[in-house]
Amino acid sequence: EVQRSAVDHLPRYVRVNTLKTTVEDAVDYLKRDGFSYQGQASRLEDLTLKEKDFVRDLHLPEVLVFSPKTDFHDHFLYKAGHVILQDKASCLPAYLLNPPPGSHVIDACAAPGNKTSHLAAIMKNKGKLFAFDLDAKRLATMSTLLLRAGVTCQQLANQDFLKVDPDSLQYKDVEYILLDPSCSGSGMVCLLDNSSADQEKDQARLTSLASFQLRCLNHGLRFPCLKRLVYSTCSIYSQENEEVVKACLQQNPGFRLVPLLAKWPERGLEPLTQCLRASTSKTRSHGFFVALLEKHSGAGNMNQ
Ligand code: SAM
């Protein structure tokens, strides 16, 4: 019950797909469609909206915010790929990684592809976007989503990221990696309490997820030209978040954390305050975690 009411009160977010339109055009279209534009939000309270009101988000420039029950599934802007239905927090990883147009990028665990399409928009469809997923069905859904979003710079592969060879010539120019691996999903407020009565089993599941997440992170850092890797989960547990990042930094002294968005209201747990967290209470979104790792200058690639 508690969980259901939380999701009923969460604002609805959409990300404007700049491969197809601009924020200004999307706002104009929505105004003509009966929505009432309240301008740019400047405080968290501005995201509490009624009925047909909407605002531009205060942290993410391409995100529009609507009242909790707004449904876009049948809306023209969604069907035409002009907007992507994506929670605000899940727009952070691609936004923070910010790969320039022309760069080579890996989306390691990509399906159903909301973050992939966000990366492509930031890259203006220029460069190469290698996207992997283990699940063929989710990858098929992803193809449809990317087609609708007008993404053309991607190369999809139904492949285990842990088996992708970092030394393959194909990936020799990869400088950016987005890693959003499978997690407990404990931050998704719409998933009604999914912890079982068996606490031992839950702990075992978390331990196994955390070890998978750490392996993915370590693997990502092995790409020879890597500059930056963004790690994210929709989990609220430090075991899948700060603990994974801490272990990874210990094992990879050539990398450090980049301090993220000074204005963001919720930080990673001490001492990893460079990282961001998100929650219904502090950021009015689902629960989320993001860390950005970058190679020390001087460390790593000897060819530069
Ligand atoms: N980034 C996606 C998005 O924004 O739409 C969501 C990714 S979801 C949290 C995690 C994905 O990782 C799942 O689709 C799952 O099939 C995939 N996955 C799990 N293990 C994997 C592996 N070893 N290699 C590649 N993908 C994997």
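The values are calculated or read from the model by the stated rules, or taken from the named source; none is laboratory data. Predicted, not measured: the structure shown is a model, and the values here were computed from it. For neighbour counting, all protein chains shown are included, and Cβ atoms are generated from backbone atoms with ideal geometry for every residue, glycine included.
Scanning segment 222-233 for residues that are surrounded by 21 or more Cβ atoms within 10 Å (Cβ to Cβ) and touching a Phe, Trp or Tyr at 6+ places or on another chain (Cβ under 7 Å) returns PHE223, SER232, THR233. Restricting attention to segment 120-179, the residues that are of a type outside the set (Lys, Arg), part of a helix (DSSP H, G or I) and under 20 Å from the mean Cα position of the chain (by Cα) total 14. As a summary of the residue check, THR70 satisfies the conditions (1) assigned to a loop (DSSP other than H, G, I, E, B); (2) of a type in the set (Val, Ile, Thr); (3) in contact with a His (Cβ under 8 Å, 6 or more places away or on another chain) except for the one numbered (3). Is it the case, given these coordinates, that ALA80 is modelled with pLDDT of 95 or more, near the ligand (Cβ under 9 Å from one of its atoms) and among the hydrophobic types (A, V, I, L, M, F, W, C)? No; evaluated as a whole, the condition is false for this residue. The set of residues in segment 123-142 that are in contact (Cβ under 8 Å) with a residue 24 or more places away in the chain and within 14 Å of the ligand (Cβ to nearest atom) comprises LEU129, PHE130, ALA131, PHE132, ASP133, LEU134, ASP135, ARG138, LEU139, THR141, MET142. The residue of segment 89-119 that is farthest from LEU179 (Cα to Cα), among those that are in a loop (DSSP other than H, G, I, E, B) and either within 8 Å of the ligand (Cβ to nearest atom) or touching a strand residue (DSSP E or B) at 6+ places or on another chain (Cβ under 8 Å) (or both), is SER103.
Every residue, every condition in (1) more than 25 Å from ASP57 (Cβ to Cβ); (2) within 16 Å of the ligand (Cβ to nearest atom); (3) touching a residue at least 12 places away in the same chain (Cβ under 8 Å), yes or no:
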{"site": "ASP198", "(1), (2), (3)": "yes, no, no"}
{"site": "PHE212", "(1), (2), (3)": "yes, yes, yes"}
{"site": "LEU221", "(1), (2), (3)": "yes, yes, yes"}
{"site": "SER232", "(1), (2), (3)": "no, yes, yes"}
{"site": "GLY254", "(1), (2), (3)": "yes, no, yes"}
{"site": "ARG267", "(1), (2), (3)": "no, no, no"}
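Filtering segment 143-174 to residues that are in contact with a strand residue (DSSP E or B) (Cβ under 6 Å, 6 or more places away or on another chain) and away from the ligand (no atom under 15 Å from the Cβ) leaves CYS153, ASP173, VAL174.
Residues in segment 243-291 that are closer than 22 Å to GLN86 by Cβ and of a type in the set (Asp, Glu): GLU266 only.
Residues checked against (1) more than 17 Å from the chain's Cα centre (by Cα); (2) outside the structural domain of THR233 (by TED's automatic domain parsing); (3) under 30 Å from LEU169 (Cβ atoms):
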{"site": "GLU24", "(1), (2), (3)": "yes, yes, no"}
{"site": "TYR29", "(1), (2), (3)": "yes, yes, no"}
{"site": "HIS59", "(1), (2), (3)": "no, yes, no"}
{"site": "ASP74", "(1), (2), (3)": "yes, yes, no"}
{"site": "LYS79", "(1), (2), (3)": "yes, yes, no"}
{"site": "LEU96", "(1), (2), (3)": "no, no, yes"}
{"site": "ALA111", "(1), (2), (3)": "no, no, yes"}
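Give the residues of segment 37-51 that are surrounded by 13 or more Cβ atoms within 10 Å (Cβ to Cβ) and either in contact with a Leu (Cβ under 9 Å, 6 or more places away or on another chain) or within 16 Å of CYS91 (Cα to Cα) (or both), sorted by residue number. Selection gives TYR37, GLN38, ALA41, LEU44, ASP46, LEU47. Scan segment 73-84 and report the pairs whose first residue is surrounded by fewer than 21 Cβ atoms within 10 Å (Cβ to Cβ) and whose second residue is assigned to a loop (DSSP other than H, G, I, E, B) and among the basic types (Lys, Arg), with Cβ atoms within less than 6 Å and a gap of 6+ or a chain change. If the second residue must be assigned to a loop (DSSP other than H, G, I, E, B) and among the basic types (Lys, Arg), the pairs left are GLY81/LYS20.
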